[in-house]
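S.K.: Okay, here's the structure, questions in a sec.
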């Protein structure tokens with residue numbers, strides 16, 4: 001009889017590094033030389049995105065997201 005191993009993985013590769021390294025998807029996108037310059041300016045972003053990016057380039061939001069994910073995983 002075969003056994004099945006089920007794994008749940010996050011889609012966020014950023015979670016393999018400490019949040020303080022700020023290797024978030026947005027940071028990688030902003031370094032993309034093909035991104036139009038006007039899209040690299042936070043004042044041009046939608047308000048929810050600006051709020052999440054905040055004054056710390058998304059660090060606090062990343063910490064909150066990691067905590068939510070870890071809480072959900074621990075309850076599974």
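The values are calculated or read from the model by the stated rules, or taken from the named source; none is laboratory data. Note that the structure is a prediction, hence the values are computed from the model and not measured. Ideal geometry is used to build each Cβ from the backbone, glycine not excepted, and the neighbour counts take in all protein chains shown.
S.K.: Which residues, counting only those in the stretch 34-63, are under 13 Å from residue 15 (Cβ atoms) and either in contact with a strand residue (DSSP E or B) (Cβ under 9 Å, 6 or more places away or on another chain) or at pLDDT 90 or above (or both)? First the steps, then the outcome.
M.R.: First, the residues of the stretch 34-63 that are under 13 Å from residue 15 (Cβ atoms): 62-63.
Residue satisfying the conditions is 63 alone.
S.K.: With the requirement that a residue be closer than 21 Å to residue 68 by Cβ and part of a helix (DSSP H, G or I), what does the stretch 16-46 give you?
M.R.: Matches in the stretch 16-46: 16, 19, 20, 21, 25, 26, 27.
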